[in-house]
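In what follows, a single structure is set out as structure tokens and then discussed.
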Amino acid sequence: MATKVHMEALSPTMEEGRLVKWTKREGEAVKTGDTLAEVETDKAVMELVARADGQLIKVMVAEGTTVPVGNVVAYIGAPGEKVDGDAAPAPAAPKPSAVSPQPPVAPTPASPAPVAALADATRVKASPLAKRIAKDTGVDLARLQGSGPGGRVVKRDLEGAQAAAPAPAQGVPRTADRTPRTGAPYDDVPLTQIRKTIAKRLAASLGPIPHFFLTTEVDMERAAEARDALNKQLGDQGKVSFNDIVIKAVATALTKHRACNAWFQEDHIRYWNEVHIGMAVAVEDGLITPVIRDADRKSLTEIGTEARELAQRARNRRLKPEEYTGASFSVSNLGMFDIDQFTAVINPPEAGIVAVGSIVAKPVAEGGQVVVRRRLRLTMSCDHRVIDGATGAQFLKTLKQMLENPLAMLL
């Protein structure tokens, strides 16, 4: 009897998934664990794998179609085996990315079969290690010239591709910016999976959670001097950013203010003994928060390396669920966009988040004289069900002391 392939919940919050691409062709042999398709969840692009051996005898869903979790998308069975879906009409073609009011047009020819045989070019010869590196870094293997036996893509080919890849831009293009203008009064663009999730999460945060906000200004001169000295010492081994310093300081301050390192849980408050910092990263059409686990126990260089790797995988939509869930507190930094100050929305069930603005040289009074100092504004959003005003203020005071005197992080 044929085995049904269901749209699986590939992330903890996934309710539906968009089938991006079938990686197996109808009629192709599959084994348990083989990747059948790539699915866009609310957070990342994940792999839908086979749960049985046999042949992919029937594909029920076209590429680009959004399917609720639990729906049947394909069948695996014996060659020639018939399934109930054989009599079903072909799935509708995916919706276009933009829909605008248009005058009536003549009917067009029907779309081709929803799932055609995949081009041989997509089946790239590559070593298992090369495939894993390409998956983690988002490199398209089909664009590489393999230097291994028979043109096989190997590790050194990926290293060259990574070195040649341009650094990610600070600004992430949105669907609206990439959608061609039609000349109509407006264009309707369907929600992406990540945008749907953001909408639900914001409604679940700003509505029920009683937010209040605390702002402080920090003198970053010593932190800047320490960063310059550290990066000079590191040389080509890596760089430490101001964001890495803020994450380390937040994590260390949370160890001294456990009341802020907490989750609201309906009938109880969970106070964390571990510090896992969520780091907000802008991705196409939204935001995702990779987690730096045990950030209080990691060095600045470890935090910097991990933050860069997580951010890159987030932009490539290749994060695993365990890499973006379970934060005990979050940090959101818009300083690179020249934003002086802002308030961030709490990511439930967390009880707090710190919004980081840009470092700006300002004239300040010091010792009866006006001097120019590099200053940074921090705004903490607090869930008043967990954190009281004085509690949040004490945490910010400690955080400020650590940033103004980096040696305080060693105490």
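The values are calculated or read from the model by the stated rules, or taken from the named source; none is laboratory data. Please read all numbers here as calculations on a predicted model, not as lab measurements. With ideal geometry, Cβ positions are generated from the backbone for all residues, glycine too; neighbour counts draw on all protein chains shown. Remember, those area values only see protein heavy atoms, side chains included, never the ligands or the DNA or RNA. Shrake-Rupley method; radii C 1.70, N 1.55, O 1.52, S 1.80 Å.
Would you mind pulling out the separation of the Cα centroids of region 361-411 and region 230-281, in Å? Distance between centres, Cα-based: 15 Å.
In this label model, R385 and E284 are separated by 3.6 nm, measuring between points 7 Å along each Cα→Cβ vector. Using the 1.4 Å probe convention, the accessible area of region 1-45 works out to 46 Å² per residue with neighbouring protein chains retained. In this structure the amide hydrogen of T3, modeled in the peptide plane, comes within under 5 Å of the amide hydrogens of I76, G77, none closer than 5 places in sequence on its chain. Candidate cross-link partners of K131 among the aspartates and glutamates, defined by an alpha-carbon separation under 19 Å and a same-chain spacing of 8 or more, comprise D34, E38, E47, D120, D140, D157, E159, E309. Once the Cα-Cα distance is subtracted from the 0.36 nm per residue extended length, the R181 to E274 segment shows a gain of 28.6 nm. Database remark: amide H of V20 closer than 5 angstrom to the amide H of E38, V39, E40, G64 (H placed geometrically; neighbours at sequence offset of 5 or more, or on other chains; Pro and chain starts carry no H). Mind checking which lysines have their C-alpha under 21 Å from K4, skipping anything on the same chain fewer than 8 residues away? Answer for K4, where 21 Å is the Cα cut-off: K21, K24, K31, K58, K82, listed by chain and number. By a straight-distance test (C-alpha under 13 Å), which aspartates and glutamates pair with K298 as possible cross-link partners, with residues fewer than eight away in the same chain excluded? Once the sequence-local aspartates and glutamates are set aside, what remains near K298 is D244, E274, E306. Simple spin-label estimate for K200 and T343 gives 2.6 nm between the two label positions (7 Å along the Cα-to-Cβ direction from each Cα). Here's the picture: a label point sits 7 Å out from the Cα of A361 along the beta-carbon direction, and within region 372-411 the residues with their amide nitrogen under 18 Å of it are 372-377.
When D338, D285, D228 are compared by accessible area at a 1.4 angstrom probe, the order from most to least is D338, D228, D285. Residues in region 389-401 carry Karplus couplings, in order, of x, 5, 5, x, 5, 5, 4, 4, 4, 5, 4, 4, 4 Hz; the curve used is 6.51 cos²θ - 1.76 cosθ + 1.60 with θ = phi - 60°, and Gly or Pro positions show x. Annotation: amide H of R373 within the under-5 Å range of K362, V364, sequence separation 5 or more or interchain, hydrogens built in the peptide plane. Of the GluC sites (Glu not before Pro) found in region 1-50, none is in coil by DSSP with at most 12 other Cβ atoms within 10 Å of its Cβ. Please compare each pair in K362/K397; K232/K320; K196/K400 to a cut-off of 29 Å on the Cα-Cα distance and tell me which ones are over it. Result: K232/K320; K196/K400 exceed 29 Å.
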